[in-house]
């Protein structure tokens, strides 16, 4: 016996905010937020004040979502949107923004790897027993961001 599948009709454009948000993979709250930042502009409204989004608006929301997924800031996204809309742009401008973002990500990754190494060293120096001595807490209490945690942890673990 064959099962009958039903498909919901795709609403014609324009669509209300909930449909636009769903199609873009974001929440209606984020759609409003992006609109308040000026990333989406000129959204039509019905006589009763409900927002109506076009296919182009939803495409822009996809662009913003993908940009956020890649970690671009709102300022960078605004600049990228402007370049995306400007067909006479030079791709070198877009590449510069992306390269600056890569450089920033690389720096942040290096900082996080340093934090990870420091914490691994502190954890390896901690006895993890019933005694109150703890090189992790001692290092945190030292409050010196520029100290050599690995050295202070080794020193404390010998106590």
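The values are calculated or read from the model by the stated rules, or taken from the named source; none is laboratory data. What you are looking at is a predicted structure, and each value in this text was computed from that prediction instead of being measured. Note that we place each Cβ from the backbone using ideal geometry, even for glycine, and neighbour counts take in every protein chain shown.
Which count do you get for residues in region 99-133 that are more than 28 Å from residue 73 (Cα to Cα) and surrounded by 12 or more Cβ atoms within 10 Å (Cβ to Cβ)?
The initial filter retains those residues of region 99-133 that are more than 28 Å from residue 73 (Cα to Cα), namely 118-133.
Of the ones still in play, those that are also surrounded by 12 or more Cβ atoms within 10 Å (Cβ to Cβ) are 118-119, 121-126, 133.
Summing the residues that are more than 28 Å from residue 73 (Cα to Cα) and surrounded by 12 or more Cβ atoms within 10 Å (Cβ to Cβ) in region 99-133 gives 9.
In summary, residue 15 fulfils each of the numbered conditions (1) touching a strand residue (DSSP E or B) at 6+ places or on another chain (Cβ under 6 Å); (2) on the phi > 0 side of the Ramachandran plot with the single exception of condition (2).
Just one of the listed residues (88, 41) is in a loop (DSSP other than H, G, I, E, B), at negative phi and at pLDDT below 95, namely 41.
Taking region 28-46 as the search range and keeping residues that are touching a residue at least 40 places away in the same chain (Cβ under 8 Å) and surrounded by fewer than 15 Cβ atoms within 10 Å (Cβ to Cβ), which one is nearest to the chain's Cα centre (by Cα)? Lay out the reasoning, then the answer.
Keep residues of region 28-46 that are touching a residue at least 40 places away in the same chain (Cβ under 8 Å), which gives 37-39.
From what's left, surrounded by fewer than 15 Cβ atoms within 10 Å (Cβ to Cβ): 37-38.
Details: 37: 16, 38: 19 Å.
Going through the qualifying residues, I end up with 37.
Residues in region 13-28 that are under 16 Å from residue 46 (Cβ atoms) and not in a loop (DSSP other than H, G, I, E, B): how many?
Narrowing region 13-28 to residues under 16 Å from residue 46 (Cβ atoms): 13-20, 28.
Going one step further and asking which of them are not in a loop (DSSP other than H, G, I, E, B), we end up with 15, 17-20, 28.
Matching residues across region 13-28 total 6.
Only one of the numbered conditions (1) in contact (Cβ under 8 Å) with a residue 40 or more places away in the chain; (2) loosely packed, with under 12 Cβ neighbours inside 10 Å is not met by residue 78, and that is (2).
For region 60-69, does any single residue satisfy the condition of being assigned to a loop (DSSP other than H, G, I, E, B), modelled with pLDDT of 95 or more and outside the structural domain of residue 108 (by TED's automatic domain parsing)? Show your work before the answer.
First pass over region 60-69, keeping only residues assigned to a loop (DSSP other than H, G, I, E, B): none.
Scanning region 60-69 turns up no residue that is assigned to a loop (DSSP other than H, G, I, E, B), modelled with pLDDT of 95 or more and outside the structural domain of residue 108 (by TED's automatic domain parsing).
Counting the residues of region 49-59 that are farther than 22 Å from residue 89 by Cβ and assigned to a helix (DSSP H, G or I) gives 2.
For region 54-64, enumerate the residues that are surrounded by 15 or more Cβ atoms within 10 Å (Cβ to Cβ) and within 24 Å of the chain's Cα centre (by Cα).
57, 58, 60, 61, 63, 64
Could you say whether any residue in region 99-109 is farther than 30 Å from residue 38 by Cα, assigned to a helix (DSSP H, G or I) and modelled with pLDDT of 95 or more? Among the residues of region 99-109, at least one is farther than 30 Å from residue 38 by Cα, assigned to a helix (DSSP H, G or I) and modelled with pLDDT of 95 or more, which makes the answer yes.
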